[in-house]
Amino acid sequence: MIQVIEFLQRFEERYREKIEVLYYVLFGLIFTYSFYLTTLFDIPILYRTLTLLAYGATALLVPVCLLSIVATKNKKVAIIKLLIVALAVFQQLYLSRFKMSAIELLVVGASDKSFTKILKIYLYIGIVMMIAAFIGSVTGFLPDFVDGHRHNYGIVYSLDCAAHYLYLLIAAHMLYFKKYKWVMFVVTCIFSLIVWFLIEAKTSMVLFLIFSIFTLYFVLDPKQRILKNKPTEWFLIGSFIIFFIIITVLTLSYTPEFYQIPFFAKWRTLTWRLQLGKRALTEYPIRLFGQQIYENINHESPKDYFLIDCSYIRCLLMYGLTHFIFLMSAHTIIQKKLIQQKFHIFAFMLMLIAIHSTMEILLLDIAYNVFILMLFAKIDIPSLE
């Protein structure tokens, strides 16, 4: 066994650069497929091709992950990585959960890889796909469902379209904020107006408003002084846990009388999701590896409609305690790493994702949340100091 490990270590050291390139290619294939599923494109041959490539890429990630594990010098970290890979393989083989399996393998495979390169792949492919979906929607090739001023621009749901803008903008800030501060502020304002007047996604509207205000502040104060105090740093580090607790308490506290409270009466989407979340927590137990939950997203029958929209509750019930602990631990560690490396701005931006995840399920989707790959990746984004 020791000889096998030594052989793999020598192999990894010898072909490290090629393995790294292979990882970027595999990530690009999986991300492209995952993003395609969020669009309204219906091209059978393209769908079958992307599906085949994505599943093949996920299978190839297993040896890439194993090589990254044998190259890990810290034994405790190596054991954690091995457990994550085992969990990913188990759920794909026995539970057919491609989405979570792919995320976990990508996280381990990203070990010591350049997060800047990962982010560029994510951003450039994402921009191309969003432009293609937008052009398709305005030319009539793809449906553009309009409810008042609410457009979806070629994405399955208008809320998901707004979410794509949010996640892609955060990625763009990480790559280019230092060099193009004012440009990033203007771009953020433009997309805030699009989300506000054309997409009308309430949660995203609020987050984009906060995003725009704080982007302007960070432009004027690049030293991030407002965030550099211990209470704020600890809040940012624990933000995912904090907002999980807040939304869980609200969900468990829900009663029909919430609709009589002015705030909840006005924000009916939140109240409706609290109602569905409480139903889920009441009807389904928390299990180690999750369970199959039947969801009905037929909007024509509101009484039968059932969807767990909160990322935290969804992960806890559908994917189980093991995946929930992984998800929360990963984001907490990432926030701590960002604070330690003086990226307080980006920790603040990820806090917006923590808030967004209380009402959306996108934290579990690599088509949106590329930032989870920072857990083991080399955070080499441009320094702000």
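Do the conditions hold for L142, that is, is it among the aliphatic types (A, V, I, L, M), touching a helix residue (DSSP H, G or I) at 6+ places or on another chain (Cβ under 7 Å) and not in a helix (DSSP H, G or I)? Even if it seems obvious, please write down each step before you answer.
Details: among the aliphatic types (A, V, I, L, M): yes; touching a helix residue (DSSP H, G or I) at 6+ places or on another chain (Cβ under 7 Å): yes; not in a helix (DSSP H, G or I): yes.
Yes.
Looking at the stretch 51-73, is at least one residue in a helix (DSSP H, G or I) and basic (K, R)? Explain how you work it out, then say what you get.
Filtering the stretch 51-73 down to residues in a helix (DSSP H, G or I) leaves 51-70.
Filter again for basic (K, R), leaving none.
No, there is no match, as no residue in the stretch 51-73 is in a helix (DSSP H, G or I) and basic (K, R).
Here are the criteria: (1) assigned to a helix (DSSP H, G or I); (2) of a type in the set (A, V, I, L, M); (3) outside the structural domain of W272 (by TED's automatic domain parsing). Tell me which single one I353 does not satisfy.
Here I353 meets the rest and fails (3).
For the condition in a helix (DSSP H, G or I), in contact with a Ser or Thr (Cβ under 6 Å, 6 or more places away or on another chain) and crowded, with 18+ Cβ neighbours inside 10 Å, what is the one hit in T188, T203? Don't jump to the end; show me each part of the working.
Details: T203 fails: in contact with a Ser or Thr (Cβ under 6 Å, 6 or more places away or on another chain).
Within the list T188, T203, the selection yields T188.
Please pick out the residue among E295, E283 that is touching a Leu at 6+ places or on another chain (Cβ under 6 Å) and among the charged types (D, E, K, R). I'd like the intermediate steps shown before the answer.
Details: E283 fails: touching a Leu at 6+ places or on another chain (Cβ under 6 Å).
None of the others qualify; the one that does is E295.
Matching residues to (1) over 23 Å from L119 (Cα atoms); (2) in contact with a Lys or Arg (Cβ under 9 Å, 6 or more places away or on another chain); (3) of a type outside the set (S, T, Y):
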position: V4; (1), (2), (3): yes, no, yes
position: F7; (1), (2), (3): yes, no, yes
position: R14; (1), (2), (3): yes, no, yes
position: E17; (1), (2), (3): no, no, yes
position: V25; (1), (2), (3): no, no, yes
position: T32; (1), (2), (3): no, no, no
position: F35; (1), (2), (3): no, no, yes
position: D42; (1), (2), (3): yes, no, yes
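Scan the stretch 1-44 residue by residue and report those that are farther than 25 Å from I121 by Cα and surrounded by 16 or more Cβ atoms within 10 Å (Cβ to Cβ).
Within the stretch 1-44, L8 is the sole residue that qualifies.
Taking the stated definitions as given, is M130 touching a His at 6+ places or on another chain (Cβ under 7 Å), of a type in the set (A, V, I, L, M, F, W, C) and under 30 Å from P382 (Cβ atoms)? Show your work before the answer.
Numbers: touching a His at 6+ places or on another chain (Cβ under 7 Å): yes; of a type in the set (A, V, I, L, M, F, W, C): yes; under 30 Å from P382 (Cβ atoms): yes.
Spelling it out, M130 is indeed touching a His at 6+ places or on another chain (Cβ under 7 Å), of a type in the set (A, V, I, L, M, F, W, C) and under 30 Å from P382 (Cβ atoms).
Within the stretch 262-281, is there a residue that is in contact with a strand residue (DSSP E or B) (Cβ under 9 Å, 6 or more places away or on another chain) and either outside the structural domain of H331 (by TED's automatic domain parsing) or closer than 16 Å to E360 by Cβ (or both)?
To start, the set of residues in the stretch 262-281 that are in contact with a strand residue (DSSP E or B) (Cβ under 9 Å, 6 or more places away or on another chain) comprises 276, 279-280.
Add one more test, that the residue is either outside the structural domain of H331 (by TED's automatic domain parsing) or closer than 16 Å to E360 by Cβ (or both), and what stays is 276, 280.
There is at least one residue in the stretch 262-281 that is in contact with a strand residue (DSSP E or B) (Cβ under 9 Å, 6 or more places away or on another chain) and either outside the structural domain of H331 (by TED's automatic domain parsing) or closer than 16 Å to E360 by Cβ (or both).
The values are calculated or read from the model by the stated rules, or taken from the named source; none is laboratory data. What you see is a predicted model; the values in this text were computed from it and never measured. Positions of Cβ are backbone-derived with ideal geometry, glycine not excepted, and every protein chain shown enters the neighbour counts.
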